[in-house]
Amino acid sequence: MEITKQQSGEVLELLVRGRLDSYWAEPLASRLDEVIREGAHQISLNLSEVAYLSSAGIRVLVKFYKQLQGIQGSFAVTNPSDPVKMVLELAGLGGLLIAEATLPAAGALAQERVRQVERGNATFEIFAYAPGASLTCRAIGNPELLLGCRFGAAQCHTVSFPATRFAVGLGAFGNDFTDCRSRFGEFLAVAGAAAYLPTDGTNVPDYLVAAGTFVPALQVLYCLACEGQFAQLVRFEARKEANTVTLTELVETCLEIAGTEAAGIVMVAESAGLIGAALRRSPALPASAAAPFAHPQVRQWLSFTAERAYARCLTLVAGVAARTNRQALVPLVRPLGKELQPTGHFHAAAFSYRPLQKGELDVQTTVTTLFEVETLQGVLHLLSDDREITGVGQSEFVRGACWIGPITEVVAERE
């Protein structure tokens with residue numbers, strides 16, 4: 001089988017030559033997966049030079065038709081050969097899959113009114129999500145108690161996470177401190193969904209999603225929790241010559257676009273690799289005064305990504321960033337790169353891959369769909385590894401969507 005591609009505006013045409021049988025169905029599926037990952041959501045499959053189509057081939061066509069319809073893209077067979085047309089019509093799929101002509105080019109497609117800017121290694125599209133909206137940030141708990149693992153029942157906070165609140169920190173699902181004592185780990189909560197990585201040895205992330213009157217809640221040792229509405233939605237895609245864009249670049253651009261010194265940011269993006277760490281043991285268990293950071297015991301307490309993890313996954317990232325020192329934020333934020341600014345605190349949940357719908361997105365619908373449809377694979381506290389020679393850099397992304405809310409108030413709740 002030979003597959004060639006030609007771009008016409010936003011429509012990608014794939015010309016297929018050969019037989020589309022059980023043997024060649026998988027190579028075609030792999031090629032379609034590849035072009036969708038590259039950002040093609042309008043696909044025209046020219047089968048004028050395909051002499052045979054089996055049920056295995058039909059299965060591939062239907063699969064990608066449904067996948068692209070699910071993200072408001074399009075997928076159609078154009079110029080089918082007589083054998084292909086006959087098989088599709090006999091299967092009752094002619095009206096569904098066969099286009100009367102080539103898919104419309106970009107000029108005929110509905111275009112959204114957006115502002116576009118280029119910064120560094122990426123192109124950004126800016127949507128007004130809820131103009132004038134802002135966030136209040138609560139710094140809950142005392143992260144300094146992590147040194148020596150000095151958390152007790154008095155430092156445990158029960159925090160609920162409705163759709164209007166998002167947070168990152170250390171916590172666990174459970175009834176109280178005693179119930180959670182051996183399981184506290186990294187968590188993030190966004191738009192009525194929460195995920196965390198238990199530290200009881202299972203190493204399998206768990207999650208809760210709001211439904212009906214149920215609202216997820218965690219027992220929290222410390223966290224940054226933001227409440228309110230996002231003001232802007234920013235879509236981004238790495239430029240072809242760069243391939244990827246770093247977390248720091250994204251954060252700097254988000255702060256610039258929002259015109260603020262501090263912001264809460266939620267992102268759903270295709271990952272090119274995450275760099276971070278996660279607790280392996282609960283900081284509420286008895287430990288030495290130097291735990292969990294003293295060598296060599298640190299290896300028993302923390303797991304680090306020695307290389308980029310969760311590449312080619314869809315990721316949910318949440319956190320707070322600032323380019324000035326806000327006293328209440330200082331204990332919970334760190335420099336995101338080699339420079340002192342911007343600072344931030346971000347966690348990521350990695351999911352199985354699915355293409356992300358283009359255009360304007362609703363944060364709650366997008367996040368809920370992630371948890372309900374895809375497989376949660378891991379939770380990480382994102383870090384930058386800028387060591388000379390051996391450092392692996394920082395988390396990088398290919399394309400995605402960022403919801404940004406300027407932080408107008410920070411409240412410290414130490415106890």
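For segment 75-89, what are the residues that are free of Cβ contacts under 8 Å to residues at least 40 places away in the same chain and under 24 Å from Gln6 (Cβ atoms)? If you could, list the steps in order and put the result at the bottom.
Taking segment 75-89 first, the residues free of Cβ contacts under 8 Å to residues at least 40 places away in the same chain are 75-77, 79-83, 85-89.
Listed by number, the residues that qualify are Phe75, Ala76, Val77, Asn79, Pro80, Ser81, Asp82, Pro83, Lys85, Leu88.
Taking the criterion of being in a strand (DSSP E or B) and either crowded, with 24+ Cβ neighbours inside 10 Å or not basic (Lys, Arg) (or both), the residues of segment 326-344 that qualify are Pro335, Thr343, Gly344.
Any idea which residue in segment 371-388 is surrounded by the most Cβ atoms within 10 Å (Cβ to Cβ), counting only those that are aliphatic (A, V, I, L, M) and not in a loop (DSSP other than H, G, I, E, B)?
Within segment 371-388, the first condition is being aliphatic (A, V, I, L, M), and the residues that meet it are 373, 376, 379-380, 382-383.
Then keep just the ones that are not in a loop (DSSP other than H, G, I, E, B); that gives 373, 376, 379-380, 382.
Details: Val373: 11, Leu376: 19, Val379: 24, Leu380: 27, Leu382: 23.
Per the stated criteria, the residue is Leu380.
Within the span defined as segment 168-185, every residue fails to be in the same structural domain as Asn121 (by TED's automatic domain parsing), within 20 Å of the chain's Cα centre (by Cα) and at positive phi.
Matching residues to (1) within 26 Å of Ala191 (Cβ to Cβ); (2) assigned to a loop (DSSP other than H, G, I, E, B); (3) aliphatic (A, V, I, L, M):
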| position | (1), (2), (3) |
| --- | --- |
| Ser288 | no, yes, no |
| Pro292 | no, yes, no |
| Pro296 | no, yes, no |
| Thr324 | no, yes, no |
| Phe346 | yes, no, no |
| Ala349 | yes, no, yes |
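Filter segment 10-47 for residues that are part of a loop (DSSP other than H, G, I, E, B) and within 21 Å of Ile98 (Cβ to Cβ); which is modelled with the highest pLDDT? Filtering segment 10-47 for residues that are part of a loop (DSSP other than H, G, I, E, B) and within 21 Å of Ile98 (Cβ to Cβ), the one modelled with the highest pLDDT comes out as Asp21.
Listed by position, the helices (runs of 4 or more DSSP H) enclosed by segment 48-115 that each have at least 3 residues that are at pLDDT 90 or above and not acidic (Asp, Glu) are 55-70, 82-90.
Of all residues in segment 352-370, none are buried (at least 19 other Cβ atoms within 10 Å of the Cβ), in contact with a helix residue (DSSP H, G or I) (Cβ under 7 Å, 6 or more places away or on another chain) and not in a loop (DSSP other than H, G, I, E, B). Here is a check on your reading of the model: is Phe214 touching a residue at least 12 places away in the same chain (Cβ under 8 Å), farther than 30 Å from Ile36 by Cα and in the same structural domain as Ala321 (by TED's automatic domain parsing)? No, not satisfied.
The values are calculated or read from the model by the stated rules, or taken from the named source; none is laboratory data. Because the structure is a prediction, the values reported are computed rather than measured. Backbone-built Cβ (ideal geometry, glycine too); neighbour counts: all protein chains shown.
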